[in-house]
Amino acid sequence: MATQEQILQAIYTAIDEVNEQLPSGAQLAKSPDSILFGQSGALDSLGLVSLIVAVEQSVENELGATVTLADEKALSQRNSPFRSVSTLAEYIQQLLADGSNG
Amino acid sequence: MAAMDKSTGNVMLITGSSRGIGRYLVDHYIARNYRVIGCSRSMSDYTHPNYEHFCLDVVDEPAVTAMFKQIAQRYGRLDIAINNAGAASMNHILLTPLSTLRKLLDVNVVGTFLFTREAAKLMKKNRFGRIVNFASVATPLKLEGEAVYGAAKAAIVNFTQVTAKELAPLGITVNAIGPTPIETDLIRSVPKDKIQRLVRMQAIQRMGEFRDVSNVIDFFIMPESDFISGQVIYLGGV
């Protein structure tokens, strides 16, 4: 089972990839507190799509697990798992624990 | 073929590449110095140093994603995806089994969906991509006996137009070609007089040829066509 630290690292890899496409003033910070989406979030909807795809790929590359992040389950959560880096990491950990892969 | 640079390249994927139009397109683009990756359920007897074949069913999601992973590892990019794999069936609606509908939706729609999604994930890294889908004149001509096939291809038209919008910010264009009947296995079982009646509905009344298909695809994929997306070009003046 992947540790929280490994999951965060996979998210940071994805953030690096997404930051390449973002202007220098709008870069995502590699921190658990970093707000991704919502009123004070750094990403627009397409940016969030790019991040989700990048995170799915980095989780597969670094943790060897296939996860589908944006499905009905994610969208029906009372608190969006895409709000911040830490909520996303928790959601990935929950998916890995449930074995609800891809 | 323009010289390969950071934003444009020559790695191409063609589905349904072991026979018919797909097989012709492999030959066509290998001759134009593309690196071509093909796939089909059956093996391909085509061999060339710039051709690689994957045996898979286009609706088998794990097999499809595994293939894209290998493409990413080996080539690091994908520039062009041609969603050619398709299946047809001609029958009166009262004589069409549900299994036929499911098969046609699977190969034509589900396959195109899966390959478009996975191709776009790879293409977005370079902010360049060309996706070409296969529609059919069966949709605009509203042919009797092709309710299911025409509906499946109508889905491709709408899918092409919507994905063109969704993928445009990533530098990816999505277009479709709608061929007329062409001499391939796909129409082998259709009676000759039915084909002739269909040809007479076209503005230009002849059977389509492989070169008619590659001509439209050549246009869609050229780097200069970066302002052409969401379009469906039907052959024969339909």
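Read-outs: derived from the displayed coordinates by stated rules, not from any lab. Every value quoted in this text rests on a predicted model; they were computed, and no experiment measured them. Here the Cβ positions follow ideal geometry from the backbone for every residue, glycine too, while neighbour counts run over all protein chains shown.
What do you reckon, is B:Ile217 farther than 20 Å from B:Glu146 by Cα, in a loop (DSSP other than H, G, I, E, B) and of a type outside the set (Asp, Glu)?
Judged against the criteria, B:Ile217 is not a match.
Look through A:Ala2, A:Ala97, A:Ala54, A:Ala70 and report the one residue that is touching a residue at least 40 places away in the same chain (Cβ under 8 Å) and either within 21 Å of B:Phe68 (Cα to Cα) or of a type in the set (Asp, Glu) (or both).
A:Ala54
Can you find a residue in region B:47-68 that is in contact (Cβ under 8 Å) with a residue 60 or more places away in the chain and more than 14 Å from chain A (Cβ to nearest Cβ)?
No, there is no match, as no residue in region B:47-68 is in contact (Cβ under 8 Å) with a residue 60 or more places away in the chain and more than 14 Å from chain A (Cβ to nearest Cβ).
Going by the structure shown, is A:Ile7 crowded, with 16+ Cβ neighbours inside 10 Å, away from every other protein chain (no Cβ under 14 Å) and in contact with a helix residue (DSSP H, G or I) (Cβ under 9 Å, 6 or more places away or on another chain)?
It is true that A:Ile7 is crowded, with 16+ Cβ neighbours inside 10 Å, away from every other protein chain (no Cβ under 14 Å) and in contact with a helix residue (DSSP H, G or I) (Cβ under 9 Å, 6 or more places away or on another chain).
A:Glu20 is checked against (1) more than 13 Å from chain B (Cβ to nearest Cβ); (2) among the acidic types (Asp, Glu); (3) loosely packed, with under 14 Cβ neighbours inside 10 Å and fails just one. What number does that condition carry?
If we test A:Glu20 against (1) more than 13 Å from chain B (Cβ to nearest Cβ); (2) among the acidic types (Asp, Glu); (3) loosely packed, with under 14 Cβ neighbours inside 10 Å, just (1) comes out false.
With respect to B:Val36, determine if the residue is surrounded by 15 or more Cβ atoms within 10 Å (Cβ to Cβ) and either among the charged types (D, E, K, R) or touching a residue at least 40 places away in the same chain (Cβ under 8 Å) (or both).
Here the answer is no, as B:Val36 does not meet what is asked.
Just name the residue that is farthest from the other protein chains (Cβ to nearest Cβ) out of those in region A:35-69 that are closer than 19 Å to A:Thr3 by Cα and hydroxyl-bearing (Ser, Thr, Tyr).
Of everything passing the filter in region A:35-69, A:Ser58 is farthest from the other protein chains (Cβ to nearest Cβ).
Restricting to region B:106-151, what's the tally of residues that are within 14 Å of chain A (Cβ to nearest Cβ), surrounded by 21 or more Cβ atoms within 10 Å (Cβ to Cβ) and among the aliphatic types (A, V, I, L, M)?
So the answer is 3.
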